[in-house]
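J.: Can you read through this structure? Questions will come right after.
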Amino acid sequence: MAKRFPIPWIFILLFPVFLISTPSEAQSYPEIMFILDASGSMWGKVQGRTKIDAAKEVMRQTIPELPPEVLTGLTVYGHSRESSCDDIEILVPAGSNDRQALLGRVENIQPHGKTPMAASVKKAAESLGSRDAETIIVLVSDGEETCDPDPCGTIGALKKSGARFILHVIGFDVNEAQKRQLTCFAEAGGGRYFSAADAAGLLDAFQLVGREVAEKVEKAKTTTKRATSKLGKLHITMPPETTVSLHVLKLVRKSDGKLIKTIEDPGKDSTHPLLSGEYELIAGFANSNYKPDSEVSFGDWTVEGGETAEVSLGGMALNVADSLKDAPVGAVMVLKADDPEFSLVLPYTGNDYYFYKTKPLPAGLYQFAVHYKRSYLYRKTPEDPVVLAEDVRIEEGKVATVTVDSGIVLVKPQDSQVASWELLATGNGKIVLKVVQASNGDYPLWKPYAVPPGAYDLNCYVEGMEEPLPAAQGLEIKHGELLRLETGL
């Protein structure tokens, strides 16, 4: 859905989903109940226009763009009286296919009253009747409950009553107290809370809901295949900028370890028909000079007949300062914080073309590291990599940027006798980086090296001496700083 109107809006969506054997029947598709906030705060202005006008314009745009199979309804609160907590009305019952009539009712709404959010959710949910399918409720609000003294309790009781729903809540430009209340709503309803700091973030959240509705429509269309087909599909998506570093994806059947399919240059969106079963998805990342791919497992995925399993990857972008691009890196590494088996290593293979390209990754928490061991010319370096970024959170469909902009470079003395040097963490003495001259020259000693910000001590080893010389102590390396150090040796 195109982002044409980055405008704030306040309303709730309910999506009851019915999956039966005949996809042509309307009740097999999601239905939507819009609940429009018409409380007095809707006359407030955001980005130069009133919230009610913004909400109306968003509804004029988005309702016609919903899949044609989706039926709709409209509920409003606060539109008739200034101080009534009972001012809740279902203007268009659930199950309507007349969207123009619904939009006509929207145009006539004028804000007046309070904000009975919990009661509105309850009334809208109860109006749907006794339905077997679970309902997803998405509440979008910039305010707080003004009627129910215990709105979380009301929603929790509704959940415990057997009503099948999940409540997601999007808070638009709310303060901390409002955020806590809206978060409580989501937790009581078994869902999640999303923050939208601005209108664009709010629209992004609405587009996620729209995509969910479209996916549910497609899923409803495929349910009749379950009785006759053992074929399912694996749908793989990734941010477009991540594809340049990915050479292949491989699908390996878990039952016998057989390679079923090799997907070369898979692109940002691809779909693959497969027999029902469990498959391991292996990613092959490109290396320079036609060297073998660096492979890593993206995990196991279950494909069921008549259904589409979704693999939605995120990405890691690497922003390396120009002053550090000449660092003698022997490999870059992406490690997963909660999975020691996940280790993506791209070795130096003649040039570093693929080192810092944006990389597709499954959602999770990662580290980014480098290894300063470039070739056989180096006599010896520690085997542990230098971790440059920790706790890098990758989300589905999004790209997280890792910035590498801190480091150290030693100024070469005029008459150097330095054979090696090591950088230690101040306080615990742990060696963070050790650099040893090459067998054919001392050039690696004077190269720039990226290290994380922090406090360090520097030891230098001089030819003919067994003990190191403490060249510097308490060095502070800051973000955005390449520290140039003269050792005096």
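J.: If I filter region 75-109 down to residues being open to solvent by 80 Å² or more (accessible area, probe 1.4 Å) and either part of a loop (DSSP other than H, G, I, E, B) or in contact with a Pro (Cβ under 6 Å, 6 or more places away or on another chain) (or both), which single residue comes out as nearest to Asp53 (Cα to Cα)?
T.: Of everything passing the filter in region 75-109, Asn108 is nearest to Asp53 (Cα to Cα).
J.: May I pose another question? How many residues does region 164-201 hold that are free of Cβ contacts under 8 Å to residues at least 60 places away in the same chain, buried (at least 17 other Cβ atoms within 10 Å of the Cβ), among the aliphatic types (A, V, I, L, M) and not in a strand (DSSP E or B)?
T.: Adding up the residues that qualify gives 4.
J.: Which one of the conditions (1) in contact with a strand residue (DSSP E or B) (Cβ under 6 Å, 6 or more places away or on another chain); (2) modelled with pLDDT under 80; (3) closer than 27 Å to Ala197 by Cα; (4) of a type outside the set (Val, Ile, Thr) does Pro6 fail to meet, given that it meets all the rest?
T.: Among (1) in contact with a strand residue (DSSP E or B) (Cβ under 6 Å, 6 or more places away or on another chain); (2) modelled with pLDDT under 80; (3) closer than 27 Å to Ala197 by Cα; (4) of a type outside the set (Val, Ile, Thr), the lone unmet condition for Pro6 is (1).
J.: Here's a follow-up. Kindly list the number of the only condition in (1) among the polar types (S, T, N, Q); (2) surrounded by 20 or more Cβ atoms within 10 Å (Cβ to Cβ); (3) at pLDDT below 75 that fails for Thr115.
T.: (3)
J.: Which of the residues that make up region 272-322 are of a type in the set (S, T, N, Q) and either touching a helix residue (DSSP H, G or I) at 6+ places or on another chain (Cβ under 9 Å) or open to solvent by 30 Å² or more (accessible area, probe 1.4 Å) (or both)? Explain how you work it out, then say what you get.
T.: The first filter runs over region 272-322 and keeps only residues of a type in the set (S, T, N, Q), leaving 276, 287-289, 294, 297, 302, 308, 312, 319.
Those that are of a type in the set (S, T, N, Q) and either touching a helix residue (DSSP H, G or I) at 6+ places or on another chain (Cβ under 9 Å) or open to solvent by 30 Å² or more (accessible area, probe 1.4 Å) (or both): Ser276, Asn289, Ser297, Thr302, Thr308, Ser312, Asn319.
J.: Now a separate question. Run down Val392, Val387 and say which single residue is out of contact with any helix residue (DSSP H, G or I) (no Cβ under 7 Å at 6 or more places or on another chain), of a type in the set (A, V, I, L, M) and either open to solvent by 20 Å² or more (accessible area, probe 1.4 Å) or part of a loop (DSSP other than H, G, I, E, B) (or both). First the steps, then the outcome.
T.: On the way: Val392 fails: either open to solvent by 20 Å² or more (accessible area, probe 1.4 Å) or part of a loop (DSSP other than H, G, I, E, B) (or both).
The unique qualifying residue is Val387.
J.: Give the residues of region 262-281 that are closer than 19 Å to Ser312 by Cβ, in a strand (DSSP E or B) and not polar (S, T, N, Q), sorted by residue number.
T.: Ile263, Asp269, His272, Pro273, Leu274, Glu278, Tyr279, Glu280, Leu281
J.: Restrict the check to region 71-84 and report whether at least one residue is within 26 Å of Val217 (Cα to Cα) and polar (S, T, N, Q).
T.: Yes, there is a match, as at least one residue in region 71-84 is within 26 Å of Val217 (Cα to Cα) and polar (S, T, N, Q).
J.: I'm trying to understand the selection: among the residues of region 454-488, which are loosely packed, with under 15 Cβ neighbours inside 10 Å and assigned to a loop (DSSP other than H, G, I, E, B)?
T.: Scanning region 454-488 gives Glu463, Gly464, Met465, Glu466, Glu467, Lys478, His479, Gly480, Gly488.
J.: Taking Thr302 as the residue in question, decide whether it is within 25 Å of Ile263 (Cα to Cα) and under 26 Å from the mean Cα position of the chain (by Cα). Walk me through how you get there before you give the answer.
T.: Values: within 25 Å of Ile263 (Cα to Cα): yes; under 26 Å from the mean Cα position of the chain (by Cα): yes.
Against the criterion (within 25 Å of Ile263 (Cα to Cα) and under 26 Å from the mean Cα position of the chain (by Cα)), Thr302 qualifies.
J.: Here is a list: Tyr366, Tyr354, Tyr376. Which entry is part of a loop (DSSP other than H, G, I, E, B) and modelled with pLDDT of 90 or more? Full working, then the answer.
T.: Details: Tyr366 fails: part of a loop (DSSP other than H, G, I, E, B); Tyr376 fails: modelled with pLDDT of 90 or more.
The unique qualifying residue is Tyr354.
J.: Applying the selection to region 152-178, what residues are at pLDDT 85 or above and within 21 Å of Ala55 (Cβ to Cβ)?
T.: Asn175
J.: Is one or more of the residues making up region 134-146 touching a residue at least 40 places away in the same chain (Cβ under 8 Å), open to solvent by 40 Å² or more (accessible area, probe 1.4 Å) and part of a loop (DSSP other than H, G, I, E, B)?
T.: yes
J.: A further question on this structure: Please specify each residue of region 438-464 satisfying the condition of being at positive phi and free of Cβ contacts under 8 Å to residues at least 24 places away in the same chain.
T.: Result: Gly441, single match.
J.: Then there is this: Look through Thr401, Thr426 and report the one residue that is more than 30 Å from Ser312 (Cβ to Cβ), open to solvent by 50 Å² or more (accessible area, probe 1.4 Å) and among the β-branched types (Val, Ile, Thr).
T.: Values: Thr401 fails: more than 30 Å from Ser312 (Cβ to Cβ).
After applying the criteria, what remains is Thr426.
J.: Which one is farthest from Val404 (Cα to Cα), of the residues in region 327-348 that are in a loop (DSSP other than H, G, I, E, B) and more than 20 Å from the chain's Cα centre (by Cα)? Before you say what the answer is, go through the steps one by one.
T.: As a first pass, look at region 327-348 and keep what is in a loop (DSSP other than H, G, I, E, B): 327-330, 337-338, 348.
Okay, now just the ones that are also more than 20 Å from the chain's Cα centre (by Cα), so 327-330, 348.
Working: Ala327: 12, Pro328: 15, Val329: 13, Gly330: 16, Tyr348: 18 Å.
Of everything passing the filter in region 327-348, Tyr348 is farthest from Val404 (Cα to Cα).
J.: While we're here: Only residues in region 279-300 that are closer than 15 Å to Ala363 by Cα count as the first member; pair them with residues that are assigned to a helix (DSSP H, G or I), Cβ under 8 angstrom, at least 6 apart or cross-chain, and list the lot.
T.: none
J.: For Arg49, are the conditions met, namely being among the charged types (D, E, K, R), within 21 Å of Val174 (Cβ to Cβ) and either in contact (Cβ under 8 Å) with a residue 60 or more places away in the chain or open to solvent by 20 Å² or more (accessible area, probe 1.4 Å) (or both)? Full working, then the answer.
T.: Numbers: among the charged types (D, E, K, R): yes; within 21 Å of Val174 (Cβ to Cβ): yes; either in contact (Cβ under 8 Å) with a residue 60 or more places away in the chain or open to solvent by 20 Å² or more (accessible area, probe 1.4 Å) (or both): yes.
In short, yes.
J.: Pro360 passes all but one of (1) in contact with a helix residue (DSSP H, G or I) (Cβ under 8 Å, 6 or more places away or on another chain); (2) open to solvent by 20 Å² or more (accessible area, probe 1.4 Å); (3) at pLDDT 95 or above; which number fails?
T.: (2)
J.: Same structure again: Asp37 fails exactly one of the following numbered conditions: (1) of a type outside the set (A, V, I, L, M, F, W, C); (2) at pLDDT 80 or above; (3) touching a Leu at 6+ places or on another chain (Cβ under 8 Å); (4) surrounded by 23 or more Cβ atoms within 10 Å (Cβ to Cβ). What is the number of that condition?
T.: (3)
J.: Just need a number here: residues in region 430-453 that are part of a strand (DSSP E or B), open to solvent by less than 30 Å² (accessible area, probe 1.4 Å) and under 26 Å from Val402 (Cβ atoms).
T.: Filtering region 430-453 for residues part of a strand (DSSP E or B) gives 431-436, 438, 441, 449-450.
Add one more test, that the residue is open to solvent by less than 30 Å² (accessible area, probe 1.4 Å), and what stays is 433, 435-436, 438, 441, 449-450.
Next, only the ones that are under 26 Å from Val402 (Cβ atoms) stay: 433, 435, 449-450.
Matching residues across region 430-453 total 4.
J.: Please indicate, with yes or no, whether at least one residue in region 117-124 is more than 26 Å from Gly191 (Cα to Cα) and in contact (Cβ under 8 Å) with a residue 60 or more places away in the chain. Steps first, answer last, please.
T.: At the first step, the residues of region 117-124 found to be more than 26 Å from Gly191 (Cα to Cα) are none.
Within region 117-124, none of the residues are more than 26 Å from Gly191 (Cα to Cα) and in contact (Cβ under 8 Å) with a residue 60 or more places away in the chain.
J.: Continuing with this model, one more query. Give the residue, chosen from Pro68, Pro149, that is surrounded by fewer than 20 Cβ atoms within 10 Å (Cβ to Cβ), without any contact (Cβ under 8 Å) to a residue 40 or more places away in the chain and closer than 17 Å to Val213 by Cα.
T.: Numbers: Pro149 fails: closer than 17 Å to Val213 by Cα.
So the residue among Pro68, Pro149 that is surrounded by fewer than 20 Cβ atoms within 10 Å (Cβ to Cβ), without any contact (Cβ under 8 Å) to a residue 40 or more places away in the chain and closer than 17 Å to Val213 by Cα is Pro68.
The values are calculated or read from the model by the stated rules, or taken from the named source; none is laboratory data. Given the structure is predicted, the values throughout are model-derived calculations rather than measurements. No Cβ is skipped: glycine too gets one built from the backbone with ideal geometry, and neighbour counts run over all protein chains shown. Accessible surface is based on the protein model in full, side chains and every heavy atom, while ligands, DNA and RNA are left aside. Shrake-Rupley method; radii C 1.70, N 1.55, O 1.52, S 1.80 Å.
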